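Novice: Structure in structure tokens, see below.
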Amino acid sequence: MARQKLNDIVSYIETKLATNTDFDTVKYTDFDSQPIPVRTYGAHIYLLDEEGAKTDERRHLGPLLTEIYRIGVDIIINKRYADRTSVSDAKGISYWLDTIEALFLNQTNSGAFKDSYWEFTGLEPDEDVYTIKGILVVEILNNYA
């Protein structure tokens, strides 16, 4: 069992998001950076600057430590919507919620993770840009022997 580090998790997220050809930008930034500019659709990955961004739990005997990481993964839509079309559009908010939840639900990164899921935390409309905010929760069992 190889020890997983934060860099491995971020690389996995970037690779997984890059499989969706709709994204023209997938970028990792620091937590205090502004959202990234995108042409049409993009993904912004960042570390959360708050308590609980990483928790450790001892669930097993020995040098095994269960680590739970919470990483911000936001979807940015650069598109002007009118009325209800933001939800009913073919690639609107509903589409992205379903797509990102399905992309990360119960993924194990070929056994490196125990589990993962993406949870929706809110929507931030700003002029023509809609940001679908979410947190990716990744559970890892690391060996510190």
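Novice: List the residues whose amide H sits under 5 Å from the amide H of L48, counting only those 5 or more places along or on another chain, with H placed 1.01 Å from N in the peptide plane.
Specialist: Distant-sequence amide H within range of L48: G72.
Novice: Suppose only helical runs count, i.e. DSSP H with n ≥ 4. What mean residue ellipticity at 222 nm does that imply for the chain under -39500 (n - 2.57) per run, divided by all residues and rounded to the nearest 500 deg cm²/dmol?
Specialist: -6000 deg cm²/dmol
Novice: Sticking with this structure for a sec: Rounded to the nearest 10 degrees, what's the angle between the helix 93-104 long axis and the longest principal axis of the chain, both from Cα atoms, 0 to 90?
Specialist: 20
Novice: Can you find, among V26, V129, V38, the residue sitting farthest towards the positive end of the charge dipole of the chain, where Lys and Arg contribute +1 and Asp and Glu -1 at Cβ?
Specialist: V26
Novice: Now, a different point. Give me T108, T21 sorted ascending by neighbouring Cβ count inside 10 Å, so fewest comes first.
Specialist: By the 10 Å Cβ count, ascending, the order reads T21, T108.
Novice: May I pose another question? Mean shadow of segment 77-145, computed from the convex hull of its alpha carbons, in nm²?
Specialist: On the way: hull surface 23.2 nm².
Here the figure is 5.8 nm², rounded to one decimal.
Novice: Among all the lysines, which ones have a C-alpha under 26 Å from K79's C-alpha, if same-chain residues fewer than 8 places away are not counted?
Specialist: Cα-Cα hits under 26 Å: K16, K27, K91, K133.
Novice: Rounded to the nearest angstrom and ordered from largest down, what semi-axes does the equivalent ellipsoid of segment 90-129 get from its C-alpha gyration tensor (root of 5λ)?
Specialist: The three semi-axes for segment 90-129 are 27, 11, 7 Å.
Novice: Further question on the same structure: Might you report the magnitude of the Cβ-based charge dipole of the chain about its Cα centre, with Lys and Arg at +1 and Asp and Glu at -1, to the nearest 20 debye?
Specialist: Dipole of the chain, to the nearest 20 debye: 480 debye.
Novice: Taking every pair of alpha-carbon atoms in segment 6-143, what share in percent sits in each 5 Å bin, from 0 to the bin with the longest distance?
Specialist: All Cα pairs considered, the percentages come to 2, 10, 19, 23, 18, 12, 8, 4, 2, 1, 0, 0.
Novice: Plugging the Kirkwood radius over Cα pairs into Stokes-Einstein for segment 1-79, at a temperature of 25 °C and a viscosity of 0.890 mPa s, what D comes out in µm²/s?
Specialist: Translational D for this selection: 172 µm²/s.
Where a number appears in this text, it was derived from the coordinates with a stated rule and is not lab data. Just so it is clear, the structure is predicted and the values come from calculations on it, not from any experiment. Because the Cβ atoms are built from the backbone with ideal geometry, glycine has one as well, and the counts that use them run over all protein chains shown.
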